[in-house]
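Everything on this sheet refers to the single structure shown next.
Derivation of every value follows stated rules applied to the coordinates shown; laboratory data play no part. A quick note: this is a predicted structure, and the numbers were derived from the prediction, not measured.
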Amino acid sequence: MAGAANEAPARPVRAGTNVRRVIREIIAFMGFALWMEPDVAWAQGTHEYRPMGAAVVARSDLFRGRDFSPWRKPPSRRDSSYVGLFGSLEDLNLFMRKGGRRDRLTRSLLE
């Protein structure tokens with residue numbers, strides 16, 4: 001107990017600060033990020049919370065799990081070719097099959 005008297009009191013922490021940071025990091029690393037350049041498409045992703053690395057395929061091709069390599073580095077998410085995040089490899093491939101077009105929800109679907 002003698003050592004406890006010499007310890008500095010713990011600094012107060014704002015409630016939820018660390019929780020928000022952790023949630024933001026988990027969301028940032030779930031799913032697949034996609035970049036589309038004129039002739040190739042890049043993807044970076046995780047599967048069941050395990051990093052898969054990055055893959056690059058022809059824009060007319062689809063991604064498969066074996067395409068991903070932890071040694072390959074994708075473009076930055078700030079790059080203009082960045083498209084967005086997808087929840088699964090199937091969602092990403094569906095987007096690729098549509099030719100890289102996102103269907104917009106109409107007002108009638110939202111009501």
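A simple rule links phi to the HN-Hα coupling: the Karplus curve 6.51 cos²θ - 1.76 cosθ + 1.60 with θ = phi - 60°, which for region 62-78 gives 10, 7, 10, x, 6, 6, 7, 9, x, 8, 8, 10, x, x, 5, 5, 8 Hz, with x for Gly and Pro. Under 5 Å between amide hydrogens, built in the peptide plane, is the criterion, and for Arg72 it picks out Ala54 among residues at least 5 positions away or on other chains. Here the gap between His47 and Lys98, fully extended at 0.36 nm per residue and compared with their Cα-Cα distance, gives a gain of 16.1 nm. Sequentially through region 80-93, phi angles give Karplus couplings (6.51, -1.76, 1.60; θ = phi - 60°) of 5, 7, 5, 9, x, 9, 10, x, 8, 5, 5, 4, 5, 5 Hz, Gly and Pro residues having no value and appearing as x.
Given the Cα-Cα distance of Arg77 and Val40 and 0.36 nm per residue of separation, how much length would full extension add, in nm? All intermediate terms of the calculation are to be shown ahead of the outcome.
On the way: separation 37, 0.36 × 37 = 13.32 nm, distance 1.59 nm.
Between Arg77 and Val40, full extension yields 11.7 nm more.
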